[in-house]
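Notes follow the structure.
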2 protein chains.
Amino acid sequence: MDFALKGDILYSKSLNKVSENARSYLVCVDGKCEGVFKKLPSKYKGIKVYDYSGNLIIPGLVDMHLHAPQYMFIGLHMDLELIDWLNTYTFPTEARYKDIRFAKKAYDIFVNDLIHSPTTRFSMFATIHNDATLYLVDKLDKIGFKGYVGKINMDRNSPKYLIEKTEKSIKDTIKYIESVKKYKNIKPIITPRFIPSCSDTLMRKLSDIVKTYDLPVQSHLSENRAEIEWVKELMPSVKCYEEAYDRFDMLGSVTSTIMAHYVWPDEKGIELMKKRNVWVAHCPSSNRNLSSGIAPVGRFLREKIKVGLATDVAGGSYLSMFRAMEDAITTSKIRKCLYDPEYYNVTIEQALYLATISGGEFFGKVGSFEKGYEFDAVVIDEKSIPTVLMKELTVLERFERFVYRAKNKVKAKFIAGKKVI
Amino acid sequence: MDFALKGDILYSKSLNKVSENARSYLVCVDGKCEGVFKKLPSKYKGIKVYDYSGNLIIPGLVDMHLHAPQYMFIGLHMDLELIDWLNTYTFPTEARYKDIRFAKKAYDIFVNDLIHSPTTRFSMFATIHNDATLYLVDKLDKIGFKGYVGKINMDRNSPKYLIEKTEKSIKDTIKYIESVKKYKNIKPIITPRFIPSCSDTLMRKLSDIVKTYDLPVQSHLSENRAEIEWVKELMPSVKCYEEAYDRFDMLGSVTSTIMAHYVWPDEKGIELMKKRNVWVAHCPSSNRNLSSGIAPVGRFLREKIKVGLATDVAGGSYLSMFRAMEDAITTSKIRKCLYDPEYYNVTIEQALYLATISGGEFFGKVGSFEKGYEFDAVVIDEKSIPTVLMKELTVLERFERFVYRAKNKVKAKFIAGKKVI
């Protein structure tokens with residue numbers, strides 16, 4: 001089922017460079033990109049061509065961090081900071097996913113909205129509940145979404161109605177991993193909620209699972225100043241929060257790791273993050289909504305720390321990675337303008353890089369239209385924005401305008417060569 | 001043509017207090033609110049009832065500052081700070097409105113989008129061109145929009161293709177005022193662009209016009225740090241930027257005045273703003289996009305400085321006042337969290353207050369559903385957001401969710417009792 005898309009094609013070549021290809025063809029063979037061509041080469045003669053002339057075609061966007069169960073209260077309760085927000089709103093909602101009927105209804109709504117979003121790959125948190133999480137995995141896998149879904153582990157400092165016994169947490173995790181083995185598109189990821197809700201024993205045993213099953217890790221790191229103080233109290237022997245994960249080999253020393261937020265890096269910790277090649281999932285909307293701060297993305301990029309972009313539903317108040325791009329740009333301007341003039345603003349080119357090839361690398365050859373990359377593409381109906389232009393816009397300018405103005409639904413979506421919508 | 005709206009009614013009582021009225025009636029008599037009733041009182045028996053059961057009904061939103069001509073490049077060119085942005089993108093676009101054919105096409109698109117937005121009242125900048133501005137006024141007035149449209153004055157430090165001779169600027173302003181006299185809904189407002197682009201002579205003559213015709217004033221104040229420095233150079237004898245306007249009686253000493261932005265208040269100037277009862281038009285999106293900063297709204301509210309909310313199209317990247325509300329909240333959190341812990345976050349209640357009754361006061365009895373207020377109302381289709389709720393949401397919670405999640409088109413709109421959509 002090889003095919004080509006025809007349209008105005010944009011993708012990121014590197015941090016500051018994009019490839020703009022008006023009226024071109026993007027060819028897919030065996031689920032992989034063959035490249036972008038001004039004219040369809042003769043060797044592809046006869047393949048199906050989807051004609052999206054006048055529309056923009058970009059790589060599928062990579063959401064490095066979101067909480068599927070929290071989608072039920074997205075846009076609500078934006079009045080508290082992290083720890084109070086978790087206890088007041090988040091934990092009671094997540095607890096409901098014990099009820100598989102509630103979970104099915106909620107995940108159906110979530111996945112239906114995700115289909116129409118620009119997201120093609122993700123690393124996602126579910127809840128502690130195996131049944132609900134497996135329902136979510138099954139649904140996502142059948143549609144053709146690619147990525148990681150984690151069953152959460154939490155065995156301390158959590159409310160009675162949403163806490164695991166350490167042994168059960170480990171058993172359920174192994175069961176979960178075994179159950180997900182049959183799926184082709186969705187993979188498990190080890191997901192300790194964050195240091196405050198995971199005992200040392202739990203962390204050690206999860207670390208063993210990581211090594212036994214060779215699985216990646218996702219968690220939260222240095223999101224909120226009160227959280228960081230709490231971690232210091234809980235683990236007085238570590239020099240910084242970063243080291244709290246590293247002590248359990250859960251900071252990239254044995255496997256790929258995503259740490260969400262990283263708003264407040266420690267100067268010693270940031271060296272460790274670099275050394276361990278940890279991915280930072282930058283969540284600009286959430287960090288603003290929960291009064292956490294603004295992560296120093298300009299610094300991360302200059303110091304070559306790996307960064308991907310994320311919505312962080314439902315600390316983040318939208319599912320659309322287009323808005324995450326907008327917010328990565330606008331929050332970086334505020335950070336630079338108000339208190340950190342040393343580092344640069346995120347530009348539209350850099351936002352595209354963060355949302356595609358930069359985060360995409362976590363998933364393999366993902367996030368570009370260069371030959372050999374997995375064929376993740378979304379088509380944007382940008383030509384419907386009414387305007388009287390003074391000059392013809394470049395492909396990049398049209399994309400910038402779409403990011404600021406439109407943002408949600410896409411016209412068509414392909415994941416690893418499969419047409420999803 | 002008296003009537004009632006039936007639905008879930010929300011409006012602001014004061015800074016921190018809202019009135020929530022599920023399944024209620026809002027009655028309009030002679031274009032004015034009669035109040036909100038749980039049951040329709042018998043004296044209104046037989047009047048037409050628009051049934052919006054399940055929808056939210058809120059006062060029409062007041063956009064205190066936007067540039068109609070800049071809508072043509074909204075969402076583009078977000079890479080520069082104020083002065084460079086004006087010279088590179090804004091001025092060339094505004095210059096095109098000399099061509100009435102261009103202006104008609106552009107304003108048709110703008111007004112069509114404004115109709116479907118939640119905005120009912122506004123104070124708007126046009127360009128220096130009378131013909132184009134009168135076309136805009138005519139269009140807005142016929143639809144039933146209420147508010148102020150200013151022909152811009154600028155006679156110095158501006159590009160050749162967008163500058164007026166002082167005498168012509170004054171003559172055109174008087175002509176413009178005379179031409180707008182025949183309109184019932186749209187009124188003129190004196191609009192010196194900002195101190196850097198207006199000579200002392202121009203400012204003095206505009207001040208005379210203000211007094212002769214008893215007109216309000218709108219301009220820009222303390223948006224960007226480089227701009228403030230420039231004003232100091234241009235008027236070395238004033239103690240602060242605020243005083244630069246006051247010296248010409250253009251800061252509320254003789255008339256109502258709106259000053260857009262006010263990101264960087266001067267400590268002496270802020271006392272003057274209070275004394276003069278100047279309205280600040282808070283433009284959170286624009287101030288972020290152009291790396292201007294975050295205005296201290298918490299402080300303004302605590303010190304009882306008048307504040308309204310604004311989109312500032314096209315420094316702001318959207319036309320929707322719902323997003324202006326979201327951004328007023330989120331930027332205030334960042335300001336408080338990162339460098340100004342003394343003042344409070346803007347809450348959803350306060351955002352509604354800013355966008356309705358607070359800015360509305362500039363226009364008379366506007367922005368509330370209390371008896372005697374002009375009947376500006378918008379109906380929001382919020383019930384279509386799919387969700388599995390754990391409990392019934394309050395009217396305010398539903399509104400909060402809509403502000404974060406939906407944001408653009410409204411289902412119905414009434415301005416001073418006239419049904420616009």
Pick from the range A:232-255 the residues that are of a type in the set (Gly, Ala, Ser) and surrounded by fewer than 19 Cβ atoms within 10 Å (Cβ to Cβ): which of them is farthest from A:Cys198 (Cα to Cα)? A:Ser253
In the set A:Lys205, A:Lys182, the lone residue that is over 16 Å from A:His67 (Cα atoms), buried (at least 17 other Cβ atoms within 10 Å of the Cβ) and among the basic types (Lys, Arg) is A:Lys205
Counting only residues that are over 17 Å from A:Ser117 (Cβ atoms), in contact with a helix residue (DSSP H, G or I) (Cβ under 6 Å, 6 or more places away or on another chain), modelled with pLDDT of 95 or more and outside any helix (DSSP H, G or I), the range A:316-366 contains a total of 1
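Residues are listed down the side, and each one gets a yes or a no for (1) in the same structural domain as A:Gly35 (by TED's automatic domain parsing); (2) surrounded by 22 or more Cβ atoms within 10 Å (Cβ to Cβ); (3) over 19 Å from the mean Cα position of the chain (by Cα):
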position	(1), (2), (3)
A:Tyr343	no, no, yes
A:Val346	no, yes, no
A:Tyr353	no, yes, no
A:Phe375	yes, yes, no
A:Ser384	yes, no, yes
A:Thr387	yes, no, yes
A:Lys391	yes, no, yes
A:Leu396	yes, no, yes
A:Phe402	yes, no, yes
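Conditions (1) over 30 Å from A:Ile348 (Cα atoms); (2) open to solvent by less than 10 Å² (accessible area, probe 1.4 Å); (3) of a type in the set (Gly, Ala, Ser), marked per residue:
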position	(1), (2), (3)
B:Lys38	yes, no, no
B:Tyr44	yes, no, no
B:Ile47	yes, no, no
B:Ser53	yes, no, yes
B:Ile57	yes, yes, no
B:Gly60	yes, yes, yes
B:Met78	no, yes, no
B:Ile83	no, no, no
Scan of the range B:91-123 for residues that are out of contact with any Pro (no Cβ under 9 Å at 6 or more places or on another chain) and touching a residue at least 60 places away in the same chain (Cβ under 8 Å), ordered by number: B:Leu114, B:Ile115, B:His116, B:Ser117, B:Pro118, B:Thr119, B:Arg121, B:Phe122
Considering only residues that are within 14 Å of another protein chain (Cβ to nearest Cβ) and assigned to a helix (DSSP H, G or I), look in the range B:112-134 and name the one that is surrounded by the most Cβ atoms within 10 Å (Cβ to Cβ). B:Ala132
I'd like to verify a number: residues in the range A:50-70 that are touching a helix residue (DSSP H, G or I) at 6+ places or on another chain (Cβ under 7 Å) and under 22 Å from A:Gly293 (Cα atoms), how many? 3
Qualifying positions in the range B:14-34 - within 18 Å of B:Gly372 (Cα to Cα) and exposed (fewer than 15 other Cβ atoms within 10 Å of the Cβ): B:Ser14, B:Asp30
Could you check B:Leu290 against (1) under 21 Å from B:Trp230 (Cβ atoms); (2) aliphatic (A, V, I, L, M); (3) in contact with a strand residue (DSSP E or B) (Cβ under 6 Å, 6 or more places away or on another chain) and say which number it fails? (3)
Which condition breaks for B:Leu389 when tested against (1) within 16 Å of B:Gly54 (Cα to Cα); (2) touching a residue at least 40 places away in the same chain (Cβ under 8 Å); (3) in a loop (DSSP other than H, G, I, E, B)? (2)
Answer yes if at least one residue in the range A:102-111 is open to solvent by 10 Å² or more (accessible area, probe 1.4 Å), away from chain B (no Cβ under 14 Å) and farther than 27 Å from A:Glu361 by Cβ, and no otherwise. no
Find all pairs meeting these conditions: Cβ atoms under 8 angstrom apart; at least six residues apart or on different chains; first residue within the range A:341-368 and over 24 Å from A:Cys28 (Cβ atoms) and acidic (Asp, Glu); second residue modelled with pLDDT of 95 or more and not in a helix (DSSP H, G or I). A:Glu349/A:Ser12; A:Glu349/A:Leu15; A:Glu349/A:Asn16; A:Glu349/A:Lys17; A:Glu349/A:Val18
Every residue from the range A:161-179 that is open to solvent by less than 20 Å² (accessible area, probe 1.4 Å), hydrophobic (A, V, I, L, M, F, W, C) and closer than 29 Å to A:Glu227 by Cα: A:Leu162, A:Ile170
Given the criteria part of a helix (DSSP H, G or I), farther than 20 Å from A:Ala95 by Cα and free of Cβ contacts under 8 Å to residues at least 40 places away in the same chain, does A:Glu167 qualify? no
Residue identified as touching a Cys at 6+ places or on another chain (Cβ under 7 Å) and of a type in the set (Lys, Arg) among A:Lys418, A:Lys371: A:Lys371
Do we have B:Arg156 as touching a residue at least 60 places away in the same chain (Cβ under 8 Å) and either more than 30 Å from B:Val379 (Cβ to Cβ) or touching a strand residue (DSSP E or B) at 6+ places or on another chain (Cβ under 8 Å) (or both) here? no
Which condition number does B:Ser286 fail, the rest of (1) away from every other protein chain (no Cβ under 14 Å); (2) part of a helix (DSSP H, G or I) being met? (1)
Among the residues of the range A:355-373 satisfying the criterion of being of a type in the set (Gly, Ala, Ser) and surrounded by fewer than 24 Cβ atoms within 10 Å (Cβ to Cβ), which is nearest to the other protein chains (Cβ to nearest Cβ)? A:Ser368
Checking B:Lys383 against (1) within 10 Å of chain A (Cβ to nearest Cβ); (2) touching a strand residue (DSSP E or B) at 6+ places or on another chain (Cβ under 6 Å); (3) in a loop (DSSP other than H, G, I, E, B), the condition it does not meet: (1)
Expected single match for within 16 Å of the chain's Cα centre (by Cα), under 23 Å from B:Asp79 (Cβ atoms) and among the charged types (D, E, K, R) among A:Arg302, A:Arg323 is A:Arg323
Just name the residue that is nearest to A:Val62 (Cα to Cα) out of those in the range A:234-246 that are in a loop (DSSP other than H, G, I, E, B) and in contact with a helix residue (DSSP H, G or I) (Cβ under 8 Å, 6 or more places away or on another chain). A:Cys240
Matching residues in the range A:404-421 (among the β-branched types (Val, Ile, Thr) and open to solvent by 20 Å² or more (accessible area, probe 1.4 Å)) number 2
Using the structure shown, decide if A:Glu223 is crowded, with 23+ Cβ neighbours inside 10 Å, over 16 Å from A:Phe125 (Cβ atoms), among the charged types (D, E, K, R) and within 23 Å of the chain's Cα centre (by Cα). no
For A:Arg299, are the conditions met, namely being within 18 Å of B:Ala328 (Cα to Cα), open to solvent by 10 Å² or more (accessible area, probe 1.4 Å), not hydroxyl-bearing (Ser, Thr, Tyr) and not in a loop (DSSP other than H, G, I, E, B)? no
Is there a residue being within 30 Å of A:Lys409 (Cβ to Cβ) and away from chain B (no Cβ under 14 Å) anywhere in the range A:170-182? yes
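The values are calculated or read from the model by the stated rules, or taken from the named source; none is laboratory data. Since the structure is predicted, the reported quantities are computational estimates derived from the model, not experimental observations. As a convention, Cβ positions derive from the backbone with ideal geometry for all residues, glycine included, and neighbour counts pool all protein chains shown. These accessible areas exclude ligands, DNA and RNA; they are computed on the full protein's heavy atoms, side chains included. Shrake-Rupley method; radii C 1.70, N 1.55, O 1.52, S 1.80 Å.
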